[in-house]
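Engineer: I have a structure here, written as structure tokens, and I will follow up with some questions on it.
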Amino acid sequence: MMTDHLTGETHRRGRIEVVCGSMFSGKTEELIRRLKRAKFAKQRVEIFKPAIDVRYSEQDVVSHDQNSIPSTPIDSSASILLLAGDNEVIGIDEAQFLDNGLIDVCNELANRGVRVIVAGLDMDFKGVPFGPMPGLCAVADDVTKVHAICVKCGNLAYVSHRLVKNDRRVLLGETQEYEPLCRECYQRALKAEQ
């Protein structure tokens, strides 16, 4: 039994970890924390983000608290397989903006023994599951749902409420465009907008 345990320690085990929640909940902060720990452990790490996300930086993944880590911007999930190389840990930020092929990409990497850490919004501003995130949550080995605090009442936030009139599903923004609301305050806000 002892040798089985030791063999397991040296054998790479792939897995998919998803960090999801509303805006301002700390998803990217948690992604950066996990990736920096992997780098500290001298693991080979590569980070990807959608090229459309240029809010803080064209290259780096940056949290709302301005913590950052270098990344590679990509236009499609297929690019991740091409650029993953022999890395042991792959990080993916703002996964909701990528195509549904991301689910197969993450599965393939995990099956190769890669630890894949994905962060993204679980729902859009209408409270609808967003992009590949529901599928990623389904196939993940571990899902961490993080919560912002409702700016109206202080309870745990449920959704990112859009403050500006715009029905486009993808609208990059910050505190001027979005606010985290709990379910009750969100319902109240929707009624007030009618």
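Since every read-out is calculated from the coordinates, none of them should be taken as a lab result. What you are looking at is a predicted structure, and each value in this text was computed from that prediction instead of being measured. Cβ: placed from backbone, ideal geometry, glycine included. Neighbour counts: every protein chain shown.
Engineer: Calculate how large, on average over all directions, the projected area of the Cα convex hull of the stretch 70-194 is; give the answer in nm² to one decimal. The partial results should precede the final answer.
Structural biologist: Working: hull surface 34.5 nm².
Mean projected area for the stretch 70-194: 8.6 nm², to one decimal.
Engineer: Going highest first, how would you order 91-98, 156-163, 21-28 by mean Cβ packing within 10 Å?
Structural biologist: Working: 91-98: 25.4, 156-163: 22.0, 21-28: 23.5.
With the highest mean Cβ count within 10 Å placed first, the list reads 91-98, 21-28, 156-163.
Engineer: Tell me which lysines have Cα within less than 22 Å of Lys145's Cα, excluding those fewer than 8 residues away on the same chain?
Structural biologist: Output for Lys145: Lys27, Lys36, Lys49, Lys126.
Engineer: Still on this structure, please answer the following. Hey, can you rank 143-149, 118-124 by average C-beta count inside 10 Å, highest first? Can you show the working numbers first?
Structural biologist: On the way: 143-149: 16.9, 118-124: 24.1.
Listed from highest to lowest mean packing, they are 118-124, 143-149.
Engineer: Still on this structure: Mind ordering 34-41, 110-117 by average Cβ neighbours within 10 Å, highest first?
Structural biologist: Details: 34-41: 15.0, 110-117: 19.0.
So the peptides 34-41, 110-117, ranked by packing, come out 110-117, 34-41.
Engineer: Any idea what % of Cα-Cα pairs in the stretch 85-130 are farther than 14 Å?
Structural biologist: Working: 541 of 1035 pairs.
Value for the stretch 85-130 (Cα pairs over 14 Å): 52 percent.
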